[in-house]
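All remarks here apply to the structure that follows.
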Amino acid sequence: MLSLENISLELEVEERKVPILNDINLIFEAGKMYALTGPNGSGKSSVARVAMGIYKQTAGQVFYNGEDISGLGITERARKGIGYAFQHPARFKGMPVKDMLELAFKHSDGYNCQVLRDIGLCPDDYLERTLDNSLSGGEIKRIEIATLLALNPKVRIYDEPEAGIDLWSFEQLIDVIGNSHREDTTTVVISHQEKILNMVDEIVLIENGTVSMRGSRDEIWPRIKESAECSCRRSCRLEEDIYADCPR
Amino acid sequence: MLTALDKKLLQEVADLHGEPPGAFNIRKDGKGIERRSLDGIEINPKKDQPGIDVIVAPGKEGTVHIPVILTETDLSDLVYNKIEIGEGANITLVAGCGIHNPGQGKAQHDGVHEIIVRKGARLVYTEKHFGEGEEGGKRVLNPKTVLLVEEGAYAELELVQIRGVDETFRVTEAEVMAGGRLVMYERLLTDKEQTAESDVLVKLMAEESTARIVSRSVAQGSSSQKFYPRLLAYGPGRGHVECDSIIMDQATVRSVPEIWAENSEAELVHEAAIGKIAGEQLIKLMSLGLTEEEAEEAIISGFLK
Ligand SMILES: Nc1ncnc2c1ncn2[C@@H]1O[C@H](COP(=O)(O)OP(=O)(O)O)[C@@H](O)[C@H]1O
Ligand SMILES: [Mg+2]
């Protein structure tokens, strides 16, 4: 179980302290799936980054299985079993996909080809590719997810995993996230996708750096449906008829 | 004949385990110690100066190893090698120099390679530098390579120097004739007080001459590096220069790519970048359970691959 208690975060932007998160309280239990949703810039990724130890909270504490891990760095938290698939994965000049997966597998076990297949990439085509700008946004995103699958952590946070992924692979992605979830894992998916919101146990709505609502899909969806659909229309008005299931 | 140390050095620079396959020449402490020619690949010592001639017959395929090792201190070795790859031949040539300096003096190797890749031939040339030895002893390597890539020929140069060499000044000059292609990969890592300079001048002589120069380096400690890759097109050639350096600690890197066209159909591009390891890269690898140092190492070794 991972919990954030009274988390506030300020970040320094151009020598000014800017409030990002304000008094966040969240509990993520083992065996459950969660979705974090909310407008762009509301603080979803920042919550994940505080959990992973990338951002140091200004106030509050992070607990993992009852232990206060607030003072631990990224490496220690990773070794305890917290994993994060980044919203914007870093690119690495010269580093083959294979090496990245091997680094992820080092602290777990498994076979490095299957995670690529799971995410719809053919290992023969990708293991030797380098993680640089020669990969498309969708490809790098899928490899990021494969890396998290390889790491196989107890707590797995996916940050907008659907970004850049086409509709067909999206179905596959949902299956992979669902299938890799087990009784002892905690899955947190940052997403706006109705299908993802449908499959989780609890939805957390983040607005303006705070938790504005949490509950089941039926409780939350009516509240965010409008903004999700509205922006959908705007972004793909012309294809509306073709893509009934328009990704936001 | 070869000691355990010799074997280690040969492994480092030429990836050799025991006697090389194919034709070879091993030079140790200023003298050729073992040599084998094959039918169509002649290796002969020069008569008038130190060094060898490697002559590959037209159409021949094969591998040639010509490593140099230095195991003494206060030694300065200078060689002139000539390598000629006959028309249509296809050759992998492994050069390289390994220095084990056991003393406080200087161990220096200056190699001049003249390489001719005849029409339609293909050459993959790797040159790896390796140095080790006592604290205080200097290891110096100054290679000069003069390359001619004839019509329709292909040459690929891979020049690697990872740590261990205190001073290096590398000069590479190439002329690429019509339809010839040259690819040059340079990988360099300097540390401590080491210095490295690489001057490259590639001339694209005619139509469809192409060249690609990719230089990747990491500068650590108080080391310093300078790169002067120059690409000159006399005709409608195409070329690309890319210099990319990771800078760390108190190191210094200067990168001065130059492109120079004398024909309106030429297409030349250069890119140069110097920067530290991106924080997001470190964070990603640390989130896989690596320490910051391990993450740094993984990023550097990938970058220099
Ligand atoms: N490293 C950072 N430096 C400055 N501002 C940041 C940084 N990270 C996030 N922010 C700001 O914090 C707010 C929340 O960002 P983020 O958590 O990424 O939102 P979300 O993931 O919900 O889109 C935004 O206004 C963003 O600009
Ligand atoms: Mg985000």
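The values are calculated or read from the model by the stated rules, or taken from the named source; none is laboratory data. Here the structure is a predicted model, which is why all the values come from computation and not from measurement. Neighbour counts run over all protein chains shown; Cβ positions are idealised from the backbone, glycine included.
Of note:
- Identity of the residue in segment A:27-66, more than 24 Å from residue A:197 (Cα to Cα) and not in a strand (DSSP E or B), that ends up nearest to ligand 1 (Cβ to nearest atom): A:55
- Annotation: residue A:90 fulfils all but one of (1) away from ligand 2 (no atom under 16 Å from the Cβ); (2) facing another protein chain (nearest Cβ under 7 Å); the unmet one is (1).
- Pairs are defined by a Cβ separation below 8 Å, a sequence spacing of at least 6 or placement on different chains, a first member in segment A:96-107 that is more than 8 Å from every other protein chain (Cβ to nearest Cβ), and a second member that is among the small types (Gly, Ala, Ser) and assigned to a helix (DSSP H, G or I); the pairs so defined are A:101/A:146; A:101/A:150; A:105/A:150.
- Looking only at segment A:55-84, and only at residues there that are in contact with a strand residue (DSSP E or B) (Cβ under 8 Å, 6 or more places away or on another chain) and facing chain B (nearest Cβ under 9 Å), the one that is farthest from residue A:145 (Cα to Cα): A:77
- Among the residues of segment A:67-88, those that are away from ligand 1 (no atom under 12 Å from the Cβ) and buried (at least 23 other Cβ atoms within 10 Å of the Cβ) comprise A:74, A:77, A:78, A:82, A:83, A:84, A:85.
- Identity of the residue in segment B:248-305, in a strand (DSSP E or B) and in contact with a Pro (Cβ under 7 Å, 6 or more places away or on another chain), that ends up nearest to the other protein chains (Cβ to nearest Cβ): B:272
- Test: residue in segment A:44-53 that is within 11 Å of chain B (Cβ to nearest Cβ), touching a Gly at 6+ places or on another chain (Cβ under 8 Å) and hydroxyl-bearing (Ser, Thr, Tyr): no
- Flag for residue A:227 being modelled with pLDDT of 90 or more, of a type in the set (Gly, Ala, Ser) and either over 23 Å from residue A:23 (Cβ atoms) or more than 16 Å from ligand 2 (Cβ to nearest atom) (or both): no
- Subset tally (residues that are under 30 Å from residue A:165 (Cα atoms) and without any contact (Cβ under 8 Å) to a residue 24 or more places away in the chain) for segment A:57-79: 2
- Per the conditions (1) buried (at least 22 other Cβ atoms within 10 Å of the Cβ); (2) assigned to a strand (DSSP E or B); (3) of a type in the set (Val, Ile, Thr), the sole criterion not satisfied by residue B:13 is (2).
- Taking (1) within 14 Å of another protein chain (Cβ to nearest Cβ); (2) within 16 Å of ligand 2 (Cβ to nearest atom); (3) among the hydroxyl-bearing types (Ser, Thr, Tyr) in turn, residue A:37 satisfies each apart from (1).
- Among residues of segment B:62-92, those that are under 16 Å from residue B:9 (Cβ atoms) and either of a type outside the set (Val, Ile, Thr) or in a loop (DSSP other than H, G, I, E, B) (or both), counted: 9
- When we screen A:7, A:20, A:24 for residues that are within 16 Å of ligand 1 (Cβ to nearest atom), away from chain B (no Cβ under 14 Å) and either basic (Lys, Arg) or without any contact (Cβ under 8 Å) to a residue 60 or more places away in the chain (or both), the only hit is A:7.
- Flag for residue A:3 being within 27 Å of residue A:176 (Cβ to Cβ) and within 16 Å of ligand 2 (Cβ to nearest atom): no
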